[in-house]
Amino acid sequence: MARQKGIIKLKGTIGDITFYKTKDGHLAREKGGIDAKRIATDPAFQRTRENGSEFGRAGKAGKVLRTALRLLLLNASDGRMVSRLTQTMVKVIQADSTSERGLRNVIDGETELLLGFEFNIRGKLGTSLFAPFTGTIDRVAGTLDVEIPSFIPSNMIAAPSGTTHFKVISGGAEVDFQEETSIVETSETAILPWDTTATAVINLSNAVTANSTHPLFLALGIEFFQEVNGQMYSLKNGTYNPLSIVKVDSGV
């Protein structure tokens, strides 16, 4: 692909050149490629079909997880989150050591590879929250909990400029990737001042199905606020709110 220069930016197709706009700017590329029917039937493209099948499966799995955590993602995601999650899901699927190539899937893969996934690359949990926390998944009870000992917010939270308050959020998700369904519960603290006053111990608990056999995911994040005339406003529309997967139990 080539990058468009000049004052006038083109969109559309002229001859064999297609002009289009992306997040990386205005680009241009030559039309072409292999006929789709040939890719679907020619034995020479067997590997391509297998890769495409698994990539599509990864995309669907990523959508299921995003849907499960949608309430938390409303204020904590970046523009490339979907593609980054799909790439990670591809790795999860490729870790399937039992299925044939092209038939590998998330269930037989390694969902633990999602541990530490950051939904907002502009505000990572690891560079925002320095207070120690413990994430616990109790599959028998069906609970996904986070405990954070008392801490001083201004010392242990790296907040963006303009922050006056914050809250801690969490979510527990039981995900059935095969049926593309989920059971989710979220919890959060009250909106707390970002100052030198120590917090109380924070306990956030999320309940799903007891004794579930599906993968379980525990997410933890922070939302930043600015108080203006007694009203709380989401700081910069949540641009720097972190959200991360902090615990994974792949199931049985």
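Please count how many residues of the stretch 127-147 are in contact with a helix residue (DSSP H, G or I) (Cβ under 9 Å, 6 or more places away or on another chain) and surrounded by 19 or more Cβ atoms within 10 Å (Cβ to Cβ).
1
Being open to solvent by less than 60 Å² (accessible area, probe 1.4 Å), without any contact (Cβ under 8 Å) to a residue 24 or more places away in the chain and assigned by the TED database to the domain that holds F119 is the requirement here; does S244 meet it?
no
Out of the stretch 203-232, which residues are polar (S, T, N, Q) and part of a strand (DSSP E or B)?
N203, S205, N206, Q226, Q231
Scanning for something at pLDDT below 95, part of a loop (DSSP other than H, G, I, E, B) and either in contact with a Gly (Cβ under 7 Å, 6 or more places away or on another chain) or open to solvent by 10 Å² or more (accessible area, probe 1.4 Å) (or both), does the stretch 86-96 turn up at least one residue?
The answer is yes; a qualifying residue exists.
From F151, F217, F166, grab the single residue that is touching a Lys or Arg at 6+ places or on another chain (Cβ under 9 Å) and at pLDDT 95 or above.
Criteria check complete, one pass: F217.
Hey, could you check the stretch 98-132 for residues that are without any contact (Cβ under 8 Å) to a residue 24 or more places away in the chain and not polar (S, T, N, Q) and say which is farthest from G251 (Cα to Cα)?
Checking each candidate, the answer is P132.
For the structure I just gave you, tell me whether N75 is part of a loop (DSSP other than H, G, I, E, B), open to solvent by less than 40 Å² (accessible area, probe 1.4 Å) and not charged (D, E, K, R).
Judged against the criteria, N75 is not a match.
Restricting attention to the stretch 210-241, report how many residues are surrounded by 20 or more Cβ atoms within 10 Å (Cβ to Cβ) and acidic (D, E).
Total meeting the criteria: 1.
The values are calculated or read from the model by the stated rules, or taken from the named source; none is laboratory data. Computed from a predicted structure; not experimentally measured. Ideal geometry is used to build each Cβ from the backbone, glycine not excepted, and the neighbour counts take in all protein chains shown. Keep in mind that these areas ignore ligands, DNA and RNA; they rest on the heavy atoms of the full protein, side chains included. Shrake-Rupley method; radii C 1.70, N 1.55, O 1.52, S 1.80 Å.
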